[in-house]
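Take a look at the structure below.
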């Protein structure tokens, strides 16, 4: 067959026509897929060479019915916690050639519909927190779209990545008890977040082991302003220790205490969760969790699931569950002596 110089770049459609196969077969043949016979691969490669065809990502995605994009759904996008998760997710997705579409459900009345619409535009989807109900997750999973759940309770048949909450919250509480604290308050809404629920459960269990009655949680948002507002009334009669669902709430408590001239830790101990950069400057006792790793693992797991789906081997790997470790970080805000500070 005579070689022909081309004045413009060839397309995957032209290669498929020259080889007498579908565009999906062209894509698989050029990726050395086992689903294509050696003879067909040779025929496709010959056609591609004759047409001087260079495969690109968008062409492969079109041939395979893919979008070359992954999605991730957040409860909100405000604050450094979500920023760290996004960074990990985007870096890992970019490393395998996928772009990222982000959806925040905060304040949306149509959250379920928005998530389902996004699911139709991506190759895989990560859903973080209690953004939609388990029924929506099950409906999306039933379509075959690769899914990963982040920081929420598992749904049967769907991969899930979480961080350790209950056990480390118990360690934090034991540390506070070891410094003589007996009156506790908890700022955060267990009903609004599985992570917060786990932290409160760990606190309550540790207190009960010592014969103490756990405090009713003081529901508040996960941002600094919400923490400051919640602390105003609480600090009229300060407890021994205020355990906060995250660092931003704890920093809000710091602001409220400063305005009331209440000293931390002299008058009240304060703890957070996440170990944000600001927590280090505030000398805040907290719990470090691998925020960026959450996003990284989710993107990598999705990439693997997407590959399984594209190969259509019928032999997907078993559903995965992973709990990433967290670590107590002791600083001065809980009343510890400087020589006992861990970090």
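Computed from the coordinates by the stated procedures, all read-outs in this text should not be read as laboratory data. What you see is a predicted model, and the numbers here were worked out from it, not measured in a lab. Here the Cβ is made from the backbone with ideal geometry for all residues, glycine too, and neighbour counts use every protein chain on show.
For this structure, a couple of remarks:
- Expressed to the nearest 5 percent, the antiparallel share of DSSP beta bridges inside the chain is 10 percent.
- By the beta-carbon count within 10 Å of each Cβ, the least crowded to most crowded order of 249, 140, 213, 262, fewest first, is 213, 262, 140, 249.
- Residues 244, 334 arranged by fewest to most Cβ contacts within 10 Å: 334, 244
- Cβ-Cβ FRET estimate between residue 138 and residue 37, R0 fixed at 45 Å, reported to 0.05: 0.75
- Shape summary of the chain, radius of gyration then Dmax from alpha carbon positions: 25.9, 90 Å.
- From least to most packed, judged by other beta carbons within 10 angstrom and beginning with the fewest, 98, 193, 22, 226 follow the order 22, 226, 193, 98.
- Normalising the Debye intensity of the stretch 173-219 to I(0), with uniform scatterers on Cα atoms only, and taking log10 at q = 0.20, 0.24, 0.27 Å⁻¹ returns -0.61, -0.84, -1.00.
- Tilt relative to the chain, helix 194-209 - C-alpha long axis, 0 to 90 degrees, to 10: 40
- Efficiency of FRET from Cβ geometry, residue 324 and residue 108, R₀ 25 Å, rounded to 0.05: 0.35
- Nearest 10 degrees, 0 to 90: helix 247-259 Cα axis against the chain principal axis: 30
- A Gaussian network model of the chain, with springs between Cα atoms under 10 Å, assigns the largest mean-square fluctuation among 14, 248, 90 to 14.
- FRET efficiency for residue 209 and residue 78, using Cβ-Cβ distance with R0 set to 41 Å, rounded to 0.05: 0.70
- Between 47, 288, 185, the GNM of the chain built on Cα springs shorter than 10 angstrom shows 47 fluctuating the most.
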